[in-house]
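Working notes, beginning with the structure itself.
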Amino acid sequence: MENASENRSLFKNPLWFYIKYNPRAFTLGMVFLLATNILDGVYPLIMKIAIDQIETRAPLGDIGKTCIMFFAIMAGLAFTRFCWRNFFGQFHTYAAEHIRQKLFRHITSLGPNFYHKNQVGELMSLMTNDVQSFRQAIGPGMLILADGIIIICVVLPIMISMSWSWTWKTLIFLPLVPFLIWRVMQLIHRNYKIQQDRFSELTGVAQETVGGIRVIKSFAQENNRTALYNTVSSAFEKACNKVARVDSFFVPVMEFGVTSGSVILLFVAKDDIYSGAVSIGTFVAFHRYIQKMVWPMTALGLGFSYFQKGYASFDRIKDVLKTETDIPDLGKTEITKFEKLEFRNVSYQHPGSSVYALKNVSFSLNAGESLGIMGPVGSGKTTLLHLLSRLYPLAEGQILINGVPIEDVTQESLRRTFLLVPQEAFLFSDSIYENISFGLPQRAADEEVLRMTEIVDLQSEINSLPHKYESQLGERGVNLSGGQKQRLTIARGLIMHTPVLVLDDSLSAVDTRTEKAIELEMSKNKGTLSRIIVAHRLSSLKGVDKILVLKDGAVEAWGDRNTVFKESPTFQKIVQIQGEGASHE
Ligand SMILES: Nc1ncnc2c1ncn2[C@@H]1O[C@H](COP(=O)(O)OP(=O)(O)OP(=O)(O)O)[C@@H](O)[C@H]1O
């Protein structure tokens, strides 16, 4: 469960939330930033002293002291610059890390409604681009704003103390800079978004082409794919050029600030210099201060733009974090010993669908019994199993476990009781060994892994791989066949030794000999261990006690084989097609 008070305070003011979370890094970062700007502000004054000393042919000892001051300031600047970068770096990378982990944890807790509304691509973009732009707002964005404001506070009084008239005359055009920079940044962001979209298209085509290269070659479509790639690639090039064009306005806008100030200074200072009222050193130092004032103006435009973008991203992040799961884990009952499962008039409609995937489904299963579920494609078998595992929220009817409504059972103990081996044989990019141990609190014992792979008849195939059980699966590792993957996922389920093993069509690519070995393993503790098997093949349901036949989401028949054979035309048809003579012993 997410911490509600933490969320409230984060949503109210994210910057303040992270400052409170990491006050040391933030405060030290600010202190060293202030110190850097003070030292940087003093630097032109030392330069003024040096130039004046040269002009007045001051003694070597005085020039030596000025040189030492130069060195001391440079060393101080190097140290304070390192420190503020380091502390601010810690501050905003921590914030990004915190929000990324929080988002990930929250997204994994959400139910089907959320995934129905949000595409995978959008979620990936939220976890990467939006987190990144939020980090830029409270990191570099906040920093450059603070930097700009501190510089104005340090430099402006020095300039005014040198000459009020020079100051207002030379800085008169400078307030235009933040506005121009802000406009340029808006254009950059708009065009950058287009560039990112074109890049996603480009990588999408490249990825699909490489992944589907065999299909492409079989259909002799290499030229068409290349033409498609070239088109997408040119669109990307155009988008990059547009970003580069807008980007190139940035430096001229800044230079406009410097140049206008310098030209004005020449005009306003020349008479004072001719008359000897001010020294060349003062003129050079003042010129340096004009240059220094350009950055704060740029920083205001830049920082504001970062904040605008980052807070828009934060709003999107906030919307997701505020989404409540449609399957809350509020149950308090722990299942210590499985006794009975009961479905009572369960109906279910998928989010966005106008038809019911399950209609008034009722059946029961006692500990030690096994249940086979059959039915045509799309008849609701997987939906039923997902409701049982609480991967879908139950809205109509009741599912009772040992007489307790499923919502009152803790999700952890529910999933420790019913282990679902899903239809899709999904494996992780990890070693075979780790994939088999996936659900266990720690790595499984070697002999246990060997035993499970023996049951699913995978041992000799794994041993023929170069790294055997340590072979890596996935893109950079070995690729297993569909049947091998399915057997591996069954081994991953078996090793959990849960009271009820639920196989969703997981035996479709398993031969009858392996099917028998799995059945034997599962019936070893008959009386306590149960099985629920969804299958299209009669041979997969040989040893089951009861069969449930679904048709269009409704129960067509439920009971032992004989009853089901009598009552279900669907089952009769399956028996007829698959020719199982002993279907009703
Ligand atoms: N996420 C979803 N959103 C909308 N409809 C869905 C969704 N998942 C399944 N359905 C629909 O619900 C119905 C039941 O699907 P389900 O996957 O439970 O069938 P099944 O009997 O397991 O099929 P199969 O034998 O092909 O695995 C189908 O009409 C399917 O199109």
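The values are calculated or read from the model by the stated rules, or taken from the named source; none is laboratory data. Owing to the predicted nature of the structure, the values given are computational and were not obtained by experimental measurement. Cβ sites come from the backbone with ideal geometry, for glycine too, and all protein chains shown count toward neighbours. These accessible areas exclude ligands, DNA and RNA; they are computed on the full protein's heavy atoms, side chains included. Shrake-Rupley method; radii C 1.70, N 1.55, O 1.52, S 1.80 Å.
For the reader, a short list of remarks on this structure follows.
- So Lys322, is it of a type outside the set (A, V, I, L, M), crowded, with 17+ Cβ neighbours inside 10 Å and under 27 Å from Ile107 (Cβ atoms): no
- Some residue of the range 230-239 being modelled with pLDDT of 85 or more, part of a helix (DSSP H, G or I) and within 23 Å of Arg183 (Cα to Cα): yes
- Pair list, Cβ < 7 Å and 6+ apart or interchain, from the range 311-338 residues that are closer than 13 Å to Ile99 by Cα to residues that are of a type in the set (D, E, K, R) and outside any loop (DSSP other than H, G, I, E, B): Ser313/Asp130; Arg316/Asp130; Ile317/Asp130; Leu321/Lys102
- Selection count where residues are open to solvent by less than 10 Å² (accessible area, probe 1.4 Å) and touching an Asp or Glu at 6+ places or on another chain (Cβ under 7 Å), scope the range 93-146: 1
- Count of residues meeting criterion [among the charged types (D, E, K, R), outside the structural domain of Asn402 (by TED's automatic domain parsing) and touching a residue at least 60 places away in the same chain (Cβ under 8 Å)] in the range 487-524: 1
- A single entry from Val263, Val258 fulfils the requirement of being without any contact (Cβ under 8 Å) to a residue 12 or more places away in the chain and on the phi < 0 side of the Ramachandran plot: Val263.
- Ser389 vs. criteria surrounded by fewer than 14 Cβ atoms within 10 Å (Cβ to Cβ), at pLDDT below 95 and within 16 Å of the ligand (Cβ to nearest atom): no
- Only one of Leu538, Leu480, Leu507, Leu529 that is open to solvent by less than 40 Å² (accessible area, probe 1.4 Å), among the aliphatic types (A, V, I, L, M) and closer than 25 Å to Leu391 by Cα: Leu507
- Ser200 open to solvent by 40 Å² or more (accessible area, probe 1.4 Å), part of a helix (DSSP H, G or I) and either modelled with pLDDT of 80 or more or among the polar types (S, T, N, Q) (or both): yes
- Phe343 being within 16 Å of the ligand (Cβ to nearest atom), of a type outside the set (A, V, I, L, M), more than 30 Å from Gly141 (Cα to Cα) and in contact with a Leu (Cβ under 6 Å, 6 or more places away or on another chain): no
- Extreme residue, nearest to the chain's Cα centre (by Cα), among residues of the range 203-229 that are modelled with pLDDT of 85 or more and of a type in the set (S, T, N, Q): Thr209
- Of the helices (runs of 4 or more DSSP H) entirely within the range 1-114, those holding at least 1 residues that are small (Gly, Ala, Ser) and within 37 Å of the chain's Cα centre (by Cα) occupy 4-12, 23-55, 60-109.
- Residue identified as surrounded by fewer than 22 Cβ atoms within 10 Å (Cβ to Cβ), of a type outside the set (Val, Ile, Thr) and within 16 Å of the ligand (Cβ to nearest atom) among Pro441, Pro405, Pro422: Pro422
- So Leu358, is it modelled with pLDDT of 95 or more and within 16 Å of the ligand (Cβ to nearest atom): yes
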